[in-house]
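See below for the structure under consideration.
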Amino acid sequence: MSDIPPDLARLRSSIDNIDAALVHLLAERFKATQQVGELKAAVGLPPADPAREERQIARLRGLAHEAGLDPQFAEKFITFVIAEVIRHHEALASVEPGAAPTAGEPAATPAPSAPPVTCTTGPVDVPGGTPPRG
Ligand SMILES: O=C(O)C(=O)C[C@]1(C(=O)O)C=C[C@@H](O)C=C1
């Protein structure tokens, strides 16, 4: 393969930095939305808030326009991210005592001090399950 022109290498290095920043920014956003999901589940608020989403989309479309980014792309991107957040919120709501009501149902009384839900990456300890080996 031929040598990479220095300008291409420089631009790619910049792209790599930007991509890393995007990943870090998204990780921070998901840390914040995780807490929102726990709070919503604890008080019985529904996972999605379409009115809030409408405001976010309108705001981001405006920012995108000012920044020279395609507003349609900005909307698609934030909609994609929010859809994933809602999926996480729904998972939290399904395990919280103050789980979100389904349509037409009143909200359950929230537990006074519902513990925060944490994500487990390792094996889950089930009471009465197989004792750990070793
Ligand atoms: O602000 C909220 O209520 C959230 O749950 C966060 C968030 C988001 O990711 O920005 C996600 C789902 C809602 O529909 C609206 C916004």
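The values are calculated or read from the model by the stated rules, or taken from the named source; none is laboratory data. None of the values given here were measured: they were computed from a predicted structure. We place every Cβ from the backbone using ideal geometry, glycine too, and count neighbours over all the protein chains shown. To get the accessible areas, we keep the full protein, side chains included, count just its heavy atoms, and leave off ligands, DNA and RNA. Shrake-Rupley method; radii C 1.70, N 1.55, O 1.52, S 1.80 Å.
Selection of the stretch 38-77 for residues being within 10 Å of the ligand (Cβ to nearest atom), open to solvent by less than 60 Å² (accessible area, probe 1.4 Å) and in contact (Cβ under 8 Å) with a residue 40 or more places away in the chain yields Lys40, Pro47, Ala48. When Asn17 is tested against (1) in a helix (DSSP H, G or I); (2) open to solvent by less than 90 Å² (accessible area, probe 1.4 Å); (3) not charged (D, E, K, R), only condition (2) is not met.
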